Every structure is written in C-alpha cells, then in structure tokens.
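The values are calculated or read from the model by the stated rules, or taken from the named source; none is laboratory data. Because the structure is predicted, anything quoted here is derived from the model rather than measured. Heads up, the Cβs are rebuilt from the backbone with ideal geometry, glycines too, and the neighbour counts pull from every protein chain shown. To get the accessible areas, we keep the full protein, side chains included, count just its heavy atoms, and leave off ligands, DNA and RNA. Shrake-Rupley method; radii C 1.70, N 1.55, O 1.52, S 1.80 Å.
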Amino acid sequence: MNDFIFGTLATDELRLALTRNRLAGVTHIQRRNPRDPLPGEAITLELSVGPGQPGDSAWVYWTSDGSDPLGSLGQAQVGQVTQMELTGESWEMLLWGYVRHYAVTLPGLPDGSVLRYRLSAAGVSGQEVWADQGAYFACYIANDPPPPWTRQSVIYQIFVDRFNPGSGRPWLAPETPAGFYGGRIQGITEKLDYIAALGANVLWLTPVFPSPSHHGYDATDLFEIEPRLGKKADLRRLLDAAHQRGMRVLLDFVPNHWSHLHATFQDAIHNPSSPYRDWYTFKHWPDEYESFFGVKELPQVNLRNPAARQSMLDAAAYWLEFGVDGYRVDYALGPTPDFWADFRKITRSVKPDCWTFGEVVEPSEAQRNFEGGLDGCLDFILLEGLRRAFAFNEWSGYQLADFLLRHEAYFPEAFSRPSFLDNHDMNRFLWAARGDKRKLRLAALCQFTLSGSPVIYYGTEVGLSQVRDVRQGNFGLPEESRLPMLWSSAQDQNLLVDYQRLSELRRELPALSEAGLQVITADRASLVYQRGQGKDAVCVVINLSEKTHPISLPGHYNQVRLAMGMYDVSNQRSGETLINLEGMAGLVLVQT
C-alpha cells in the first residue's frame, strides 16, 4: 500500500464485511429522498430487510417537534407511526438469499421542524428488529444552502501548535514530534498578511480548546481556550483582524469524544451516583466504556443523552456567538445520526451564514448522508484520486478523466466538498511524491481548477515535508506530518509564488468554482478539461507523463493564464490549438 489514509474502510476486506452486514440486516442508512427536504416537501424513506430477518411488516415511528418517537409493533406511544409498504424483493448474490424492500412517504413539514424517526421490521412471531442497531435519524426542515461566500473560498488549515510562536519567540524543542513546539493564536494573527498574500480567505484552526495533547482533539473543556495557545482575548484579536481583511475563521469541533480528563468523565468514573454517568456508554462501570477507536483516553460522548447533547450544542453555539464563522467537524461519522439535525438547527439559528463541513473518511454515499445536517464534507475520495494520479503515477489520463466526471456528477451542486492534497493525519503530499515538487505543482493545479473549495495544509505551499513516514512498523504516527512551519529563507519562494498564482486565478476566473466540468480529451499521458462555456470557458491541460507530450485542442485558446512547466502553444491548424507540454507540467488557458 503506497499510501495511508486514516479511515475504517482502508482495505477490500473491510469494505466487503461492511457491505455484507448492511445487506444482511434491517437497514435504512439514511435512504431518505430528498435527503435535505424543503419546507412542505414530502419525504420518502426506504428500508431493506436481509435474509433471515423478520420482515413481514415494517414501520416508521416519527415526530415533527424534535422529541424522540416511542412505540413498538406498529403502536405509537410518543409521536406517530406509519406502516411501510412492501415494494419488492431482490436476490443478493453475496448473501445467497432474498432482500425485502420497503418504502413510505411522510407528509411535508413546516419550516424549522425537526423530523426525528426510527424504523423497524417485524415477523409473524412478533419479534421486532430496529433498523441500524436501533439508531435514531432526523432531518432539519429548512431552505438553508451553504452561504454564498463559501463558493469563492480558499482555505488555509493551520495546526496551531506548529504554525508560529509569535512575538519573536523561538520554537520549543520537544524530544519527539508528539511534544509541544510552542505555536500560539497570537502567532497566527501576526502572520495574517502572509496568509492574505497567499490568497487564502478562510482560516481553519485545529482545536484550540484546553487539552493535554499537542493536537487538541481530546478537549477537557469546550468553552475555554488552551492556555499554551493563548486566551479568549487572543482569539478575539485574531477574529477581528481576520474579519477586517475580509477573511473568515473556522474552528475544529469534535462532538464525538473528548479527553478522559474532562470533568464530567472524571465524575462519571469516580462517583457511582454521578449525574454524568449516562453521558457515556459503559459496558462495565467504571473501566469499560465506548471510546474513539478503542482509545481509553478518548471516551465517546453519549449524544443520545439529552443533557450531554445540549452541552455539545451549547458549545457549538457559544463560539459562533463569540464570532467564529463555522466549523470543520471532526469524525462526523461518530455521533448518533439524529444529532446532526439539532446541530444544523442551532448553528443556523445562531449564525445563518456559518459554514460547517465534516471529516467523513468514507465513500461518497456516506458523505452524502450528511446533506442537510452539514453543508458538506471534506473530499477524501478526490484526495485519494489526486494522490494516485499525481503522487504515485498510478492513474492514466483516461482514468483520472473518468473519475473526475463521475465524481463531480455524483454530488449535488449545493453540497460543499473542500478539496485537499494532504492534512495532519497522513503523509504530506511532498513526502508521498518523494520530494518531487513538479508533482505537487501539477496536483495543486488540478485541485484549484475543480469545483470544491481548495484547502492548503500549512507549509505545503512552501515545501514543508517530513523526516519519517507516518507509518512506523505497526504504528501510525501522524505527528510526523505536523512539523513546524517553515519561515523566511527556509521557504521555497518559487513554490509559494505558484500557490499565490493559483489562488489569484481562482478569484479571477469564476468558472473554476461555479461552472461544470467537461472533458475535452484524454489519453494515457494527458488530460484536458474545460470549465464553463463560451467566452468564460477555462481550459486545463495536464501532462501526467515524464516526457514532452503533443496535444491538439479544438478552438483557439491563445492566452495562457498560468503555466506549471515549459510549453509551446501555436495555432497552426484552422480551428485547433497545438500544444507541446513538457513532462509533469500543466497549463490553464482561456480564449480571447
């Protein structure tokens, strides 16, 4: 395996096991149409029942006021129950048996409603099985697409401890990359001019809450700031300074889990009558409990508990009221599915133009399930494709073209898909590409000319790499890709200028963020695609090979707006543009 991407479906064996389990069970997995219903729009829900499961009848129990629906065997105790209609059976080869399919259409609901529901199937024996292990689902009814400002965003991801100590302070010298390097919020404020010159207009900060770790994804208090990083006043100054420059600031928010040192968890494990005991899921009190990937230091918060859920929602509301502009939501797959309707309602109520997108390291269908709960998800599937094509040279121009066309067509236009080449949980792109900056430039060219808002992981734009791989034997050490930011003479200024030009290009050519994708030509070595039509059309030419490659384009593209590498463009034939493009190079052209 050339690459390591943090996630639960990294191998074919894991994917096959998940597919089998879904087909064999009583399964809904948010098959809702539409996924993000408008006020008054009818909602269709689907259910499948695998071989051997009780499947003679099926129901949906639901409420429209946000409360939990209660009932059993087709009888409602709280809310309403609607029997589902059997729509047919299908033969499933993987299971060597029949799968039954049910559907039901619920009436449209008023603006601001929360539809919360559960589904079940039962047999003649009276045994009732709840879909998806008894999960509760929900959707927030509103017409609230992502705010318009997100369409022109270029995001800069800052690992706060590793970006800049500020005030002329030197970096600390921890024994390992898992220690503290001394980056602070003030240090970010001092570098806003640098970030603005890069062309980024959205800052995404890794967690700033009190935490015992360098990464902060194990908060001890979601209402305070980690003292190592600064104070609330420092965050206030950063927000004010960023907003004055027309920049937005997003915080990393982790609703799934927090530190075992969190006061509520400490009380829960030491006090037998603790009011916080049900904030967690204990298998055996006090030492066996649900946690993030089995890590005991990261207990999972039971967001089905009303008080725990409200505390998490209050924290999300607090920082929006404080002035932040939205959230990147860590491990969005973890919380109970119905949490996201409440999260959407509170975040949109407090700040109607906030932006929220999730970390969902799963296939595209799992990402689309967050439609209506979040504005979108980080585009991990595109990440994988870009690294295959550019870092590892595993894909031809044909393969990349086919992937991009299908990928762009799969997602709704309003679904945010911030794109990225690397982040804090994986090898940096430059490390994966074995230091070949041509590959980085070409991948960035492709990234910035696709529809998703591009994310730049701090330092990638100036050649920051790493010393060791994030995989060391059987251990994953993501801190290897979190080394301190390069400043001054340590930066690759040529690479920085290229990133600045990419950001400028995205601002000046709206088609890159707003128009559809059309593949003009592709072969083993190259790919040419177009964004937009007519006088606004933008043509992107990519040579994936190591050799100079001749390319013929229909139309007169006689203005090169950006070049990564050497090229020659001529119009020697009527109605065609002829290009010779050196290996691992790219062009952006427009017609005049």
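The table for this structure:
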quantity: Positive-pole candidate from THR19, TRP319, GLY532, dipole of the chain, charges at beta carbon; calculated: GLY532
quantity: Size-normalised alpha-carbon gyration radius of the chain, reference 2.2 N^0.38 Å; calculated: 1.02
quantity: Mean separation of Cα contacts under 8 Å (6+ apart) over length of the range 397-494, as relative contact order %; calculated: 29
quantity: Estimated distance in nm for a label pair at GLU504 and THR592, the labels positioned 7 Å out from Cα along Cα-to-Cβ; calculated: 1.6
quantity: Candidates per chymotrypsin sites (Phe, Trp or Tyr not before Pro) in the range 85-115, loop by DSSP, up to 12 other Cβ within 10 Å; calculated: TRP96
quantity: Given charges at beta-carbon only (K, R positive; D, E negative), |dipole| of the range 74-142 in Debye; calculated: 140
quantity: For the chain, size of Cβ-based charge dipole, Lys and Arg +1, Asp and Glu -1, in debye; calculated: 1120
quantity: Cα centroid of the range 384-455 to Cα centroid of the range 46-95, whole Å; calculated: 40
quantity: Semi-axis lengths (Å, descending) of the ellipsoid that matches the C-alpha gyration tensor of the range 441-592; calculated: 32, 17, 15
quantity: Where Cα atoms sit under 28 Å apart: lysine pairs in the chain separated by 8 or more or lying on different chains; calculated: 11
quantity: Trypsin sites (Lys or Arg not before Pro) restricted to the range 257-319 and DSSP loop, no more than 16 other C-beta within 10 Å; calculated: LYS296
quantity: Relative contact order of the chain, defined on C-alpha pairs under 8 angstrom at six or more residues apart (%); calculated: 10
quantity: Å² of accessible area per residue within the chain, as computed with a 1.4 Å probe and no ligands counted; calculated: 40
quantity: Total charge dipole magnitude, the range 203-260, about the Cα centre, Cβ charges on Lys, Arg, Asp, Glu only, Debye to nearest 20; calculated: 320
quantity: The range 385-464: trypsin sites (Lys or Arg not before Pro) falling in loop per DSSP and having at most 16 other Cβ within 10 Å; calculated: ARG434
quantity: Apportionment of accessible area to carbon and sulfur, the chain, percent (1.4 Å); calculated: 50
quantity: Antiparallel DSSP beta bridges within the range 248-403, as percent of all bridges there, nearest 5; calculated: 30
